[in-house]
Amino acid sequence: MYNLRSTYKHTLCLLFLLVSACSNDHAKLDQTIATLDANKPVAGSYVIIPNQGCEGCISTAEAFVKKHVDRSDNIRYIFTRIQSVKLLRIKLGSNVMSSSKVLLDTANMIEYPDKEKEIYPMIVTLKDHKIDKVTYQSPDDAGLDILIEK
């Protein structure tokens, strides 16, 4: 005999799990950022720069970091997929690398929510300690320009 009541309970449980899983699309990224930055701000932005990917986009992001690292307390920079910390230090300079706003993801914990865009720098905007928006610096998107306007 088919147990309709049991099927109904399983369907409700499955629905609850799906709704709760979708309630924060960026929960894993949010948790990873909190792990990398113990002083995570209430509001602000993180520029996450992969060491591999779109060379022009990454170079643009690195130049942005060098120029703006001391300009805003609301922007922090995370470098991920680092091949060599020593080479990164040579590219950015010791002053930039020693800034408290520059974080290194040496364990490669950052996972992009959009897998097809993981070759681009990612701009994560926080609001009330949670991720509000994710944009990218790519040939089609000028995410870093938004940070300058703020």
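Just so it is clear, none of the values below were taken in a lab; they were calculated from the coordinates. Because the structure is a prediction, the values reported are computed rather than measured. Methodologically, a virtual Cβ is constructed for each residue, glycine included, from the backbone with ideal geometry; neighbour enumeration extends over all protein chains shown.
Tell me which residues, restricted to region 62-80, are without any contact (Cβ under 8 Å) to a residue 60 or more places away in the chain and crowded, with 16+ Cβ neighbours inside 10 Å.
Quick first cut of region 62-80, residues without any contact (Cβ under 8 Å) to a residue 60 or more places away in the chain only: 62-63, 65-67, 69-71, 73, 76-80.
Residues satisfying the conditions are 62, 65, 69, 76, 77, 78, 79, 80.
Within the set of pairs 6+ apart or on separate chains, which have a first residue in region 33-48 that is within 23 Å of residue 63 (Cβ to Cβ) and touching a residue at least 12 places away in the same chain (Cβ under 8 Å), a second that is part of a loop (DSSP other than H, G, I, E, B) and among the β-branched types (Val, Ile, Thr), and C-beta atoms under 7 Å apart?
Matching pairs, first to second residue: 48/110.
Among what's in region 114-142 and is surrounded by fewer than 20 Cβ atoms within 10 Å (Cβ to Cβ) and aliphatic (A, V, I, L, M), pick the residue that is farthest from residue 38 (Cα to Cα).
142
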